[in-house]
1. Would you confirm whether or not region 50-62 contains a residue that is touching a strand residue (DSSP E or B) at 6+ places or on another chain (Cβ under 7 Å), at pLDDT below 95 and of a type in the set (A, V, I, L, M, F, W, C)?
2. May I ask you to say which residue of Lys14, Lys67 is more than 13 Å from the chain's Cα centre (by Cα), surrounded by 17 or more Cβ atoms within 10 Å (Cβ to Cβ) and of a type in the set (Lys, Arg)?
3. Across region 38-49, which residue is farthest from Ile177 (Cα to Cα) among those that are modelled with pLDDT under 90 and hydrophobic (A, V, I, L, M, F, W, C)?
4. Can you tell me which residues in region 93-130 are closer than 13 Å to Thr171 by Cα and either crowded, with 18+ Cβ neighbours inside 10 Å or without any contact (Cβ under 8 Å) to a residue 40 or more places away in the chain (or both)?
5. Looking only at residues that are over 18 Å from Val182 (Cα atoms) and surrounded by 14 or more Cβ atoms within 10 Å (Cβ to Cβ) in region 17-37, which one is modelled with the lowest pLDDT?
6. Listed residues Gly65, Gly83, Gly118, Gly151; which is more than 23 Å from Phe38 (Cα to Cα) and assigned to a helix (DSSP H, G or I)?
7. Somewhere in region 162-185, is a residue part of a helix (DSSP H, G or I), touching an Asp or Glu at 6+ places or on another chain (Cβ under 6 Å) and closer than 20 Å to Glu84 by Cα?
Amino acid sequence: MNKNRFFTTSNIAKIAILSAISFILMLLQVPIPFIPSFYELDLSEVPVLIGGFSLGPLAAISIEGVKILLKIIIEGTSTAYVGEVANFIVGCAFGVPASIIYLKNKTKQNAVKSLIVGGISMVLTAMIMNYFVLLPAYSYFYKMDLEVIIGMGTALIPIIKNKLTFVLFATTPFNTIKAIVVSLFTFALYKHISPLLKK
């Protein structure tokens, strides 16, 4: 997308509004009973996807970035910024491929395809991020042995025995559930909201 055409006053205003909504939704987190308590479900990726579908992948990245920036400015960080960086990367892994695919053919069938591909991309990215970055980083910054974190998963899901099984049976189910829920809300809301974004 041409940068001069993208950074119009109208688009900047739309991104700002969607970013603010995304930030508010990020605060409304819901725990999932069979998942470790530090994984909580929110719908903050819905405005990211709606913005991406309407304005393109650059908008999805911008909304995700502003959401995280607002979170840091207003709430600060409890994860030494590790969680915020991961949230940005994982969110973009969903929003960017989904919006690229949808913009090629704006049909309901292609919307479903884009959400499936984006959801799979998010789940795989989250698996890699958690295994190689997040779990080791949380262990380091909280001065908590990694086995203690893994034990939190084992207490809920006995099959969890190490970092790999934690990612497979705690991280992956959580992000799969999130991808499905976010996709359903996006699919249900986009056609109602997109006319407003086109004005």
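The values are calculated or read from the model by the stated rules, or taken from the named source; none is laboratory data. From a predicted model like this one, the values you see are computed outputs, not experimental measurements. For neighbour counting, all protein chains shown are included, and Cβ atoms are generated from backbone atoms with ideal geometry for every residue, glycine included.
1. no
2. Values: Lys67 fails: more than 13 Å from the chain's Cα centre (by Cα).
It is Lys14.
3. Restricting to residues being modelled with pLDDT under 90 and hydrophobic (A, V, I, L, M, F, W, C), the top hit is Phe38.
4. Passing the criteria: Met122, Val123, Leu124, Thr125, Ala126, Ile128, Met129, Asn130.
5. For region 17-37, the residue satisfying everything is Pro36.
6. Gly118
7. For region 162-185, residues part of a helix (DSSP H, G or I), touching an Asp or Glu at 6+ places or on another chain (Cβ under 6 Å) and closer than 20 Å to Glu84 by Cα: present.
For (1) at pLDDT 90 or above; (2) closer than 22 Å to Lys106 by Cβ; (3) surrounded by fewer than 15 Cβ atoms within 10 Å (Cβ to Cβ), each residue gets a yes or a no:
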residue	(1), (2), (3)
Pro158	no, no, yes
Thr165	yes, no, no
Asn175	yes, no, no
Lys178	yes, no, no
Ser183	yes, yes, no
